[in-house]
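Peer 1: Starting off with a structure, shown below.
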Amino acid sequence: MNRRDTLRMLPLSIAGLTGMTRDSLSQMRREPDMKPGMNRPRGMGHGPGLGFYPQYARKVRERLDWIRKTQSENLLEVSYAIARTVKGGGRCWSVWDTGHTTANDQFPGRNGEPEFMANGFDPDKAAKSDLLLANRYIGPYDVLTAKDIFVIGGPAPWGGDAQMKDLLTDEVRKSSLRPYAKIWIETNITSIDADVYMPGEPAPIGPFSGIFGIVEYWMILADACRILSREGWTGKVKGDDPPPR
């Protein structure tokens, strides 16, 4: 299969990304002045009778839809990069937010996660041309260049690649992975990382970053496994299913 043909294939997880949410949220009111992927300034209304959960759920859907429309090609390229690394015998490291931590959905024995993904990053064990998928990386940075690590990055609200980073401390703002990334997955995440306002509360609630990260992570892995299997690769996943009855 040539490159042009493969790029025509809609990624498995991306295909259902908006369908699952749209079906359950289709009855919610849409705010015509809301641009997908952008946060609403404080004080703007959300319509009468719209509760906090429907607001949050709809905003998540709109932002996931923006990611699907603008980042699908990048996500698929990440899957191909992982597949190339696996076939070449390299290691795929992951420091990727899957719920405000990299350990919630990436851990030893996690059912269904391909064994070729290594949670965390050990600069001493990392080999030349390994791959690093990261949005919570705080260094060291020199090893990424010295060992020619294939870096795939994305913004996190507590890093220097987020929008509105001027709200962060100087130390946190210095944590920037984008200059090292060969593929970048944009989410328009801000350092506030929320967009639902409750009366009397000075700051919004309803963070997005954990949801974005976990959806992107499994989208990437699903297509990486599909690409590898099409080329005859067989591998193992962590954990196991319960025995059938």
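The values are calculated or read from the model by the stated rules, or taken from the named source; none is laboratory data. Values in this document were obtained by computation on a predicted structure and should not be read as measured data. Here Cβ is always computed from backbone atoms with ideal geometry, including for glycine, and neighbour counts include all displayed protein chains.
Peer 1: When residues of the stretch 219-245 are filtered for being out of contact with any Leu (no Cβ under 8 Å at 6 or more places or on another chain) and either at pLDDT 90 or above or of a type in the set (S, T, Y) (or both), how many remain?
Peer 2: Number satisfying all stated conditions: 8.
Peer 1: Please specify each residue of the stretch 171-224 satisfying the condition of being assigned to a helix (DSSP H, G or I), over 14 Å from the mean Cα position of the chain (by Cα) and either without any contact (Cβ under 8 Å) to a residue 24 or more places away in the chain or surrounded by fewer than 21 Cβ atoms within 10 Å (Cβ to Cβ) (or both).
Peer 2: Hits for the stretch 171-224 are E171, V172, R173, R178, P179, Y180.
Peer 1: Output the qualifying pairs, or none if there are none: Cβ atoms under 6 angstrom, residues six or more apart or on different chains, first residue in the stretch 145-167 and in contact (Cβ under 8 Å) with a residue 40 or more places away in the chain and within 18 Å of F212 (Cα to Cα), second residue hydrophobic (A, V, I, L, M, F, W, C) and not in a loop (DSSP other than H, G, I, E, B).
Peer 2: Listed pairs, sorted by first residue: I152/V78; I152/L133; I152/I183.
Peer 1: Among the residues of the stretch 73-101 satisfying the criterion of being in contact with a strand residue (DSSP E or B) (Cβ under 9 Å, 6 or more places away or on another chain) and of a type in the set (F, W, Y), which is surrounded by the most Cβ atoms within 10 Å (Cβ to Cβ)?
Peer 2: The extreme case among them is W96.
Peer 1: Looking at the stretch 118-131 only, could you name the residues that are at pLDDT 90 or above, under 15 Å from G88 (Cα atoms) and surrounded by 15 or more Cβ atoms within 10 Å (Cβ to Cβ)?
Peer 2: A126, D130, L131
Peer 1: Output the number of the condition that T187 fails; it satisfies all remaining conditions of (1) modelled with pLDDT of 90 or more; (2) β-branched (V, I, T); (3) over 21 Å from I214 (Cβ atoms).
Peer 2: Just one mismatch for T187, condition (3).
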